[in-house]
Each structure stands twice: as structure tokens, then as C-alpha cells.
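Here's the structure, in C-alpha cells; my notes come after.
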Amino acid sequence: MSLDAAQEVAVEIAASQAECFAAILDFERYPEWSSAVTQARILERDRAGVGRIVEFHIDAKIKTLRYVLEYQHKKPTQLTWHSIDGDIESIEGIYRFKKLAPTRTEASCRQEIRLGFWLPGPLRRLAERTALAQSVNEFKAHVERAADPAPRSRSGRRAS
């Protein structure tokens, strides 16, 4: 992974390391929490039944893009991926989960995307940085909702 083109985002999540790791491996639920993912389909599973090769369709506003990622993981701390097919030239990434406390986890995601089609450099970098930050923040919200299912008011506060 090139240091120049890679983007990285880190957040603290109010959930256990195990909850974060289970959520990131639940590929088929990505469309429920990721606004960009319209479809996720596991094409191949590893011996433990975890998705190893996964096809995604994402709404890139201009058009829907399809790509297939191959995953490897080290439970419960790391998930890595690289693209093996699709509309995007290449994608490589890593999610790391660091236990801070029993119900606090630092999640960091580092990813490099080579689109394979022309987009002005500043616009491309802004799109990549914004998309990664949005994805990580949507993941955080998804995991925290699952870890704390207490009803919330419209303001996001717990209902009394």
C-alpha cells in the first residue's frame, strides 16, 4: 500500500472489540448501515464460514460501481482486503480494532483506491477522504446502535 495515496480514519467506538469485529465481518448487512453500499454478496467463505470473497455494488452518484474484494482476518483485531475484480482498478485496505476498555474500542481504517479512470487529483483525494470518513462513521453508528439498543429520542439521547 502506497503511503502517498492511502487515506486513514480512526474513531473511538462505544462497543467491545468483539462487537466491532463481528459487525465488520457481517458483510451482507453492509447495505443496512453504509449509505454507499447498495448490495453486498458473499461469493466464497473460508473454513470458519466467514466471507472471504465478497462482491459489492456502490452508489457513486454518477453510476453504480461493482467490485469484488478478497478478505483475510486475524480475530478480533484486524481485517485486510484487496480487490480482485470490478470497475475500480484496485482497492487495498485494513481495519484495526484496539481494545481500550471492555466496552470501548479504537477502530482505524486505512485504504488506498486506484480508480482506473480520470478524475482531477484534488477532487479525487477529497472524494476518497470524504467517502472513507463517512464509511467509518456510519460503521461506528451501526455498532453503537447494536451495542446499546436502548430507545433514543429524536435528539439521539436515551429516552427516560
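The values are calculated or read from the model by the stated rules, or taken from the named source; none is laboratory data. Just so we're clear, the structure is a prediction, and the values are computed from it rather than from any experiment. All Cβ positions, even for glycine, are placed from backbone atoms using ideal geometry, and neighbour counts span all protein chains on display. Areas reflect the complete protein model, heavy atoms only, side chains present, ligands, DNA and RNA absent. Shrake-Rupley method; radii C 1.70, N 1.55, O 1.52, S 1.80 Å.
Here are some notes:
- In segment 86-97, the residues that are farther than 14 Å from GLU8 by Cβ and free of Cβ contacts under 8 Å to residues at least 12 places away in the same chain form no Cβ pair under 9 Å with any partner that is outside any strand (DSSP E or B) and open to solvent by 10 Å² or more (accessible area, probe 1.4 Å), whether six or more places apart or across chains.
- Unmet criterion (only one of (1) outside any strand (DSSP E or B); (2) in contact with a helix residue (DSSP H, G or I) (Cβ under 9 Å, 6 or more places away or on another chain)) for PHE21: (2)
- ILE84 being at pLDDT 95 or above and open to solvent by 30 Å² or more (accessible area, probe 1.4 Å): yes
- Looking only at segment 117-139, and only at residues there that are open to solvent by less than 50 Å² (accessible area, probe 1.4 Å) and within 23 Å of ARG29 (Cβ to Cβ), the one that is modelled with the lowest pLDDT: LEU132
- Being open to solvent by 30 Å² or more (accessible area, probe 1.4 Å), of a type in the set (Asp, Glu) and in contact (Cβ under 8 Å) with a residue 24 or more places away in the chain holds for only one residue in GLU32, GLU44, and it is GLU32.
- Tally of residues being farther than 19 Å from TYR67 by Cβ, open to solvent by less than 50 Å² (accessible area, probe 1.4 Å) and not aromatic (Phe, Trp, Tyr) across segment 8-29: 9
- Any hit, segment 24-35, residues being under 20 Å from GLU138 (Cβ atoms), polar (S, T, N, Q) and either touching a Pro at 6+ places or on another chain (Cβ under 6 Å) or assigned to a loop (DSSP other than H, G, I, E, B) (or both): yes
- Residue within segment 89-111 that is outside any strand (DSSP E or B), open to solvent by less than 60 Å² (accessible area, probe 1.4 Å), modelled with pLDDT under 95 and of a type in the set (A, V, I, L, M, F, W, C) present: no
- Just one residue in the set ARG114, ARG66 is at negative phi, at pLDDT below 90 and surrounded by fewer than 16 Cβ atoms within 10 Å (Cβ to Cβ); that residue is ARG114.
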